[in-house]
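Heads up, the thing below is written out as structure tokens.
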Amino acid sequence: MSRCNVLCLTVFFLGIFFSPVETNAQDTTGTGAIAGVVITHDKKPGLAVTVCLVDSIRCVLSDETGKFRLADVRSGAYRLEITPPGEPPFTSEPIDVRAGLDAIVEIVLPPASAVQQTVTVTAPAFVTSEEVKTSGFLIRPIQIRENAGALQDVSRYLQTLPGVVIGTNDFRNDIIVRGGSPLENLFIVDNIEIPNINAFANFASAGGTVSILDTELIQDVTFLTGGYPAPYINRVSSVLQIAQREGDRERVRGRATLGFAGAGAIFEGPLSKGRGSWVVSARRSFLDVFTKDVGFGGVPVLYTLNAKAVYDVTPFDRLWLVNVSGVDRIRLGLTENTDPDEGLADFDIRYQGWRSATGLNWQRVFGTRGVGLLSVTHSEASVTSTVKDLVRDGVPAPGVPVEEIIDQGPLVFTEGSRESETTFKYDLTTYATMMGRRNKIQVGGSVKMFRLNYDIGSPLGDDSPFSVQPGLNAFTLDRSFTAYQSGAYLQGTMDVTPRLNLTWGGRLDHYQYIGHTRLSPRAGASFRVNDRMTWNASYGQYYQQPFFLFLAAFPENERLKPFKSEHVVSGVTYLPTDSVRVTLEGYYKRYADYPVSTQFPTLSLANVGDTFNVREVLFPMASEGRGRAFGLEAFIEKAPGGRWYGQANVSVARSEQAGFEGKLRPGSFDYPFVVNVTGGVNLTPKWLASSRASWLGGRPYTPFDAALSASVGRGIFDLSRVNAERAPAYFRLDLRVQRTFAWKRPFVLFAGIQNITNRINFSAYTWNRRTNTVRFQEQQGLFPILGFEWKF
């Protein structure tokens, strides 16, 4: 990058930080809004009605259609003071405001002769902000906690949404969005960018087995799957934003929980007589208390800690401190009880790791002029692991003790690595009048510093199924270095006409380590056909630097470029009722400069992202890959509230990727037809039942060359048929029931069964080196769940 480019980015960022313009925080953990309409008792628009936040100077007037909007409202509960022209004011009941969301309400004025001088305000319905034009989903905690298949894991719930599918194994919680890779998703928790929110993860993956987030602390989840706005950085497929709730500002209280992620407790209470609050969640897995082997040679052990403190320094200044941490360890592989035909019988794998992310945010409200949000965050992660290949030098003779087999097994992979990331970020919004209309201008910038410390060895290389030659790409990586990334964005949103709203903008990012700068334009439009139907469209270019581990593994990989994804999305949204939403959306994604293998012409990194096996994804690469994904998604949702809630979706899609040779083939996550149905129903005030059904058309796979594989004693792909075969369709039905006991302290007991039909779903074909034959690897079978929650 030239000196001018560096200077321009620096000056732009400093200008954003110190500019004295009217501002408004962009992030979902900043502020929200109260918007709606005022109508009279005889259903006419309430014109020029003054709507104020009680005990503040924040007021707006309703327009000729009765509509109003109070923007930049800090999250919390507020009463509205409503004053019709020439009449006394009335006060509403409290209205919840969620950060980053619009609370949509309807205010019905009483007749002037009414004895009861109150107004009627509907309970708020929350929607994503106006700059999100397409592919946005707002998820409430109840939908995650009570979902039959999610295991109280936000990532697993997302797998039921349109355009999102599982990877090669449903033991993992990878998010694969619209034909992309699991490596392409951005995670943000309370304005903290977290590289990975999952346990049992490595530096070559963005997924894991279970989330380290406690769903009991989640307030809202916003998930964007395409065409998202300019503030979002360095990911090309999706954005997952999570806002955690505050603690109780009135009294100390707690609850105990037990579920799939372990047993734990939550405590919360006030700070400084209600000027702030704190909340802490701590959990630990418990299976190791009862057994040393759950069927794969060991027991996962996981500790998690989630904490948040909020403090209102002044009426205009709020601080919040957040921490998300997890510590985990696991052993996989051969034991005395392992079936030799299982793939894990060939290995001894030992893993331990930890990850922690902490962020401090300062929010400054400039009266009626807006809000600024400054954040300083630091995340760190460590992974230590070893892998022994117990049959690399031949199948052990019968009768040899397991301990001896493991002791003599060759060490094929070791890792003791650490990554850290420190980010300084500031977000602003200003309002300007253009063409006679109010224009919302958002600007922001960030500087990131990465500290990388890799100690990785693959002394015997990888026996790749793409080559007959064994032991390819042996390497030793013992290196520490520092890298930087800086970025800035500009975005505007305005009503061009009463029906047409436009969002425009872009971002400029500099990737110091690989020496590239990229400009990413973004645009979106929303046209209100009528009060119930809206047409939406968006366009954007998105760039992502390959993970540092990929860049550092081989010298030629440092020449990789940021890979690119171009999104075009359009669709319609129809609201038959206030609680039901129907959408039909089509999309097209085009990939360029994707990292691909220089040794295996058909292999793209886009096809190998959901794995625990780090060796198989570390190879020399070049930015010569391309790809595309396109599809049509139909979605219907009944929001929580009332007796039942749920959602169903149908997706028809194609995903194709090309390796170094340039020929487009079906991608590894190309599910051509997907159907999801999930929801819950209150059978009685104390009983709740929920279910989830998923059907995915068979994904592609590459068959083995049986004769060649048998001759060399390991699996070798038939490279003339890369992803040319289709697996059987995937189907899973999950059920869950919940009973609430109304004792002095509420107690909730839940139980369920995943894959209740015990369907044998395809995961992969692997090569059994003990029998020198193909092995069918299945996904999760029938799996019971049981847990409870006790509030005290």
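The values are calculated or read from the model by the stated rules, or taken from the named source; none is laboratory data. Predicted, not measured: the structure shown is a model, and the values here were computed from it. Cβ sites come from the backbone with ideal geometry, for glycine too, and all protein chains shown count toward neighbours. For the accessible areas, the whole protein counts, side chains as well, though only heavy atoms, and no ligand, DNA or RNA atoms are used. Shrake-Rupley method; radii C 1.70, N 1.55, O 1.52, S 1.80 Å.
Please count how many residues of the stretch 509-521 are open to solvent by 20 Å² or more (accessible area, probe 1.4 Å) and under 25 Å from Tyr587 (Cα atoms). Residues that pass the stated criteria total 3. Out of the stretch 437-461, which residues are of a type outside the set (Val, Ile, Thr), open to solvent by less than 70 Å² (accessible area, probe 1.4 Å) and out of contact with any Lys or Arg (no Cβ under 9 Å at 6 or more places or on another chain)? Listed by number, the residues that qualify are Asn439, Lys440, Gln442, Met449, Phe450, Gly457. Residues being in contact (Cβ under 8 Å) with a residue 24 or more places away in the chain, surrounded by 19 or more Cβ atoms within 10 Å (Cβ to Cβ) and more than 25 Å from Ser655 (Cβ to Cβ) are entirely absent from the stretch 692-702. The set of residues in the stretch 150-173 that are at pLDDT below 90 and acidic (Asp, Glu) contains only Asp170. Looking only at residues of the stretch 251-266 that are among the hydrophobic types (A, V, I, L, M, F, W, C) and in contact (Cβ under 8 Å) with a residue 40 or more places away in the chain, we find that the one that is surrounded by the most Cβ atoms within 10 Å (Cβ to Cβ) is Ala261. The residue that is modelled with the highest pLDDT, counting only those in the stretch 189-217 that are open to solvent by less than 10 Å² (accessible area, probe 1.4 Å) and part of a strand (DSSP E or B), is Val189. Annotation note: of Lys663, Lys589, the sole residue that is open to solvent by less than 30 Å² (accessible area, probe 1.4 Å) and basic (Lys, Arg) is Lys589. Restricting attention to the stretch 168-188, the residues being in contact with a helix residue (DSSP H, G or I) (Cβ under 6 Å, 6 or more places away or on another chain), touching a residue at least 60 places away in the same chain (Cβ under 8 Å) and part of a loop (DSSP other than H, G, I, E, B) number 3. Phe669 falls short on exactly one of the conditions (1) buried (at least 17 other Cβ atoms within 10 Å of the Cβ); (2) aromatic (Phe, Trp, Tyr); (3) in a strand (DSSP E or B), and that condition is (3). Of the residues making up the stretch 379-390, not a single one is within 30 Å of Met494 (Cα to Cα) and open to solvent by less than 30 Å² (accessible area, probe 1.4 Å).
Does the stretch 629-637 include one or more residues that are in contact with a strand residue (DSSP E or B) (Cβ under 8 Å, 6 or more places away or on another chain) and over 29 Å from Ile139 (Cα atoms)? No. If we keep just the residues of the stretch 540-582 that are out of contact with any Pro (no Cβ under 8 Å at 6 or more places or on another chain) and among the polar types (S, T, N, Q), which is least open to solvent (accessible area, probe 1.4 Å)? In this case the residue turns out to be Ser565. For the stretch 711-762, a tally of residues being in a helix (DSSP H, G or I) and in contact (Cβ under 8 Å) with a residue 12 or more places away in the chain returns 3.
Applying a threshold of 8 Å to beta carbon distances and a minimum spacing of six or more residues, or different chains, the list of pairs starting in the stretch 278-296 at a residue that is among the β-branched types (Val, Ile, Thr) and ending at one that is open to solvent by less than 70 Å² (accessible area, probe 1.4 Å) and in a loop (DSSP other than H, G, I, E, B) reads Val279/Arg245; Val279/Glu246; Val279/Gly247; Val279/Asp248; Thr291/Val299; Val294/Pro300.
On the stretch given as the stretch 740-769, residues that are surrounded by 14 or more Cβ atoms within 10 Å (Cβ to Cβ), basic (Lys, Arg) and modelled with pLDDT under 95 total 1.
One residue stands out among those in the stretch 465-506 that are of a type in the set (Ser, Thr, Tyr) and within 31 Å of the chain's Cα centre (by Cα): the one that is farthest from Gln545 (Cα to Cα), which is Thr493. None of Tyr489, Tyr484 is touching a Lys or Arg at 6+ places or on another chain (Cβ under 8 Å) and farther than 22 Å from Asn453 by Cβ except Tyr489. Evaluated against (1) farther than 29 Å from Gly609 by Cα; (2) surrounded by fewer than 16 Cβ atoms within 10 Å (Cβ to Cβ), Val468 falls short on exactly one condition, (1). Just one of (1) outside any strand (DSSP E or B); (2) buried (at least 17 other Cβ atoms within 10 Å of the Cβ); (3) not acidic (Asp, Glu) fails for Gly642. It is (2). Tally time: how many residues in the stretch 776-790 are farther than 24 Å from Gly343 by Cβ and either of a type in the set (Val, Ile, Thr) or crowded, with 17+ Cβ neighbours inside 10 Å (or both)? Qualifying residue count for the region: 5. Within the stretch 195-216, being hydrophobic (A, V, I, L, M, F, W, C) and either under 20 Å from Leu618 (Cα atoms) or out of contact with any Asp or Glu (no Cβ under 9 Å at 6 or more places or on another chain) (or both) holds for Ile197, Phe200, Ala201, Phe203, Ala204, Ala206. Here is the figure for the stretch 763-783: residues that are in a loop (DSSP other than H, G, I, E, B) and within 13 Å of Val391 (Cβ to Cβ) total 4. Of the residues making up the stretch 344-371, those that are of a type in the set (Gly, Ala, Ser) and modelled with pLDDT under 85 number 2.
Where strands (runs of 3 or more DSSP E) fall wholly inside the stretch 453-569, the ranges with 1 or more residues that are among the β-branched types (Val, Ile, Thr), more than 19 Å from Asp593 (Cα to Cα) and free of Cβ contacts under 8 Å to residues at least 60 places away in the same chain are 475-495, 533-544. Residues that are in a strand (DSSP E or B), open to solvent by 20 Å² or more (accessible area, probe 1.4 Å) and either among the hydrophobic types (A, V, I, L, M, F, W, C) or under 24 Å from Gln541 (Cα atoms) (or both) occur in the stretch 592-600; there is at least one. All conditions but one from (1) of a type in the set (S, T, N, Q); (2) at pLDDT below 95; (3) open to solvent by less than 20 Å² (accessible area, probe 1.4 Å) apply to Asn530; the one that does not is (3). When you go through (1) open to solvent by 40 Å² or more (accessible area, probe 1.4 Å); (2) part of a strand (DSSP E or B) one by one for Val395, which number turns out not to apply? Single failed check for Val395: (2). For first residues located in the stretch 60-84 and under 16 Å from Pro45 (Cβ atoms), partners that are of a type in the set (D, E, K, R) and lie 6+ apart or on another chain with Cβ distances below 9 Å form the pairs Val60/Arg69; Gly66/Lys44; Arg69/Asp102. Restricting attention to the stretch 139-167, the residues that are part of a loop (DSSP other than H, G, I, E, B), of a type in the set (D, E, K, R) and open to solvent by 10 Å² or more (accessible area, probe 1.4 Å) add up to 2.
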